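Take a look at this one; I'll ask things after.
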Amino acid sequence: MISNLFKVLSDDTRIKILKIIAAEQEVCGCMLLEKLNINQSTLSHHMKLLVENELVNVRKDWKWSHYSINKETIKQLCQVLKKEFM
């Protein structure tokens, strides 16, 4: 699991996505498209990986997807890093 998280986190666009979501608490996919200047299919690919690896939560509201940081996964990742490297 941890190695998968590092693979997901190794992409600059996904790091940007996480930073935007963290700053806003919850973000609509349309806002991410505007801020990142990428197309819908590229965003969908990145969001699929972030959601599947439980770094991001998704809440569906009719046709819109709203994303938030999965704080529990981030907390667990930080604990593993602390334990292994500190």
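What whole-number value in Å² describes the accessible area per residue of region 1-52 for a 1.4 Å probe?
Normalised by residue count, the accessible surface of region 1-52 is 61 Å².
Rank these residues by their accessible area, most exposed first, probe 1.4 Å: 6, 85.
So, going from the largest accessible area down, we get 85, 6.
Calculate for the chain the 222 nm mean residue ellipticity that helices alone would give, adding -39,500 (n - 2.57) per DSSP H run of length 4 or more and normalising by residue count, nearest 500 deg cm²/dmol.
-20500 deg cm²/dmol
Related question: Using Cα-Cα distances under 8 Å and only pairs 6 or more residues apart, what relative contact order does the chain have, in percent?
So the answer I get is 29 percent.
Roll a 1.4 angstrom probe over the protein heavy atoms and tell me the percent of accessible area of region 20-86 that is carbon or sulfur.
Percent of accessible area from carbon and sulfur atoms in region 20-86: 53.
Also, I was wondering about something else. Ranked from the most accessible area to the least, with a 1.4 Å probe and all protein chains present, what is the order of 59, 14?
Per-residue accessible area, sorted high to low, gives 59, 14.
Would you list which lysines come within 18 Å of residue 16, measuring only between C-alpha atoms, while excluding same-chain residues fewer than 8 positions from it?
The reachable lysines, counting only those whose Cα sits under 18 Å from residue 16, are 7, 35, 48, 71.
The values are calculated or read from the model by the stated rules, or taken from the named source; none is laboratory data. Please read these numbers as outputs of a predicted model, since none were measured by experiment. Quick note on the areas: whole protein, heavy atoms, side chains included, nothing else; ligands and nucleic acids left out. Shrake-Rupley method; radii C 1.70, N 1.55, O 1.52, S 1.80 Å.
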